[in-house]
Amino acid sequence: VADVGCGTGISSRMFLENGNRVIGVEPNAAMRDAAVGQLAEFPRFSIVDGTSADTTLPEASVDVVTAAQAFHWFESVATRREFARILKPDGYVVLIWNIRQLDTTPFLIEYEAFLQQFGNDYNFVRHENITERELAAFFQKEYGLATFANVQVFDFDGLKGRMLSSSYMPNEKSPIYGTMIEELRGLFAKHAENGRIEVFYDTNVYFSQL
C-alpha cells in the first residue's frame, strides 16, 4: 500500500494492523518524523519524501494507492498519471474522507453554525467540497463508494484541539480567538453529557482501478 499524504501515519496504521506492507509518501519532514515515531512498532512500514505527483516509487510496484483526508490538496491530472504509473495492472486507488454529519444532533447543528461564524473561507476550503464530477474526472470510469458510520468522543480540550486543527479556523494570534473559545466552551457546556460530546461522521471510501 502506498499511503500518499500519509501525514503522521493515522491511515497507515489501519493497513499495517491488517498485515500489509505500507510505504508512506509525505512531503513534510516534521510529519514524516512523527509517522516514523508513531509507527515504530511496525517493521513493514517505510516512508519517503514525495508528493502525489512525484511519489519517487518504482513503476508498477504497489497493489493499492490510498489517500486519506488528502486528495483535495492534490493536482488531479498529474496525480492520476503518477498513481497509474506506480500501480500494478490490477491495482486500486482508494480515497477516504471522514465527513462530519451536519444536522443529526442539536450539537452538530449548532457546531456547524459556529464554524460558519468563525471560520475563514470555511465554505471554500472544507474538504467536503470534493464533487462527484471531480471524482469522475479523476477515475475516468465507474467507481465504488462504501460509507461507514464513525464517531469521535471528546472532552472540551479534545474538541478545542480538533477545531483548531482545521486550517480555516483562527489561531491564537487572531483578535477573535478569545471570543471564539468562549463561544465553543458555552456550546460544549450546553450539550455535553458527563463531560463528553459525541461528533458523528460518515467515512466515505471511494475506490476504483485506473
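The values are calculated or read from the model by the stated rules, or taken from the named source; none is laboratory data. Treat the numbers as computed from the prediction; the structure is a model and nothing was measured. Methodologically, a virtual Cβ is constructed for each residue, glycine included, from the backbone with ideal geometry; neighbour enumeration extends over all protein chains shown. Side chains are part of the model used for accessible areas, which takes the heavy atoms of the whole protein and leaves out ligands, DNA and RNA. Shrake-Rupley method; radii C 1.70, N 1.55, O 1.52, S 1.80 Å.
Data for the structure
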read-out: Antiparallel DSSP beta bridges within the chain, percent to nearest 5; value: 55
read-out: Listed residues PHE74, PHE45, PHE148, most fluctuating in the chain (Gaussian network, C-alpha, under 10 Å); value: PHE148
read-out: Rounded to 10°, Cα long-axis angle of helix 106-118 versus longest principal axis of the chain; value: 80
read-out: Sum of side-chain charges, TYR143 neighbourhood, beta-carbon under 12 Å (Lys, Arg +1; Asp, Glu -1); value: -2
read-out: Assigned charges on the beta-carbon of Lys, Arg, Asp, Glu; the stretch 73-210 dipole about Cα centre (debye); value: 440
read-out: Charge sum, other residues only, whose C-beta stays under 13 Å from ARG32's C-beta, Lys/Arg counted +1 and Asp/Glu -1; value: -4
read-out: Per-residue SASA entry for MET14, accessible area with 1.4 Å probe, Å² rounded to 10; value: 110
read-out: Charged-residue dipole, Cβ positions (Lys, Arg, Asp, Glu), the stretch 134-177 about Cα centre, Debye nearest 20; value: 60
read-out: Cα centroid separation, the stretch 8-28 to the stretch 148-210 (Å); value: 24
read-out: Sites matching trypsin sites (Lys or Arg not before Pro) across the stretch 57-156 that sit in DSSP coil, with at most 12 neighbouring C-beta atoms within 10 Å; value: LYS141
read-out: Most to least accessible of GLU183, GLU110 (protein chains only, probe 1.4 Å); value: GLU183, GLU110
read-out: Positive-pole candidate from LEU210, PRO58, ALA149, dipole of the stretch 51-210, charges at beta carbon; value: PRO58
read-out: Answer label for mean projected area of the Cα convex hull in nm² (calculated), chosen among [x] 13.8; [y] 11.4; [z] 12.7; value: [z]
read-out: Under 23 Å from the Cα of LYS141 - lysines, other chains or at least 8 residues apart; value: LYS88
read-out: Proximal lysines to LYS173, defined as alpha-carbon separation beneath 22 angstrom and excluding residues fewer than eight positions away on the same chain; value: LYS160
read-out: Probe 1.4 Å - accessible area at LEU145, Å² to nearest ten; value: 100
read-out: Charge sum, other residues only, whose C-beta stays under 14 Å from LEU210's C-beta, Lys/Arg counted +1 and Asp/Glu -1; value: 0
read-out: Gain upon complete extension [LYS190, GLN116; 0.36 nm per residue less C-alpha separation]; value: 24.8 nm
read-out: Dipole in debye (nearest 20) - the stretch 1-159, about Cα centre, beta carbon charges: Lys, Arg +1; Asp, Glu -1; value: 480
read-out: Length-normalised contact order of the chain in % [C-alpha pairs under 8 Å, at least 6 apart]; value: 21
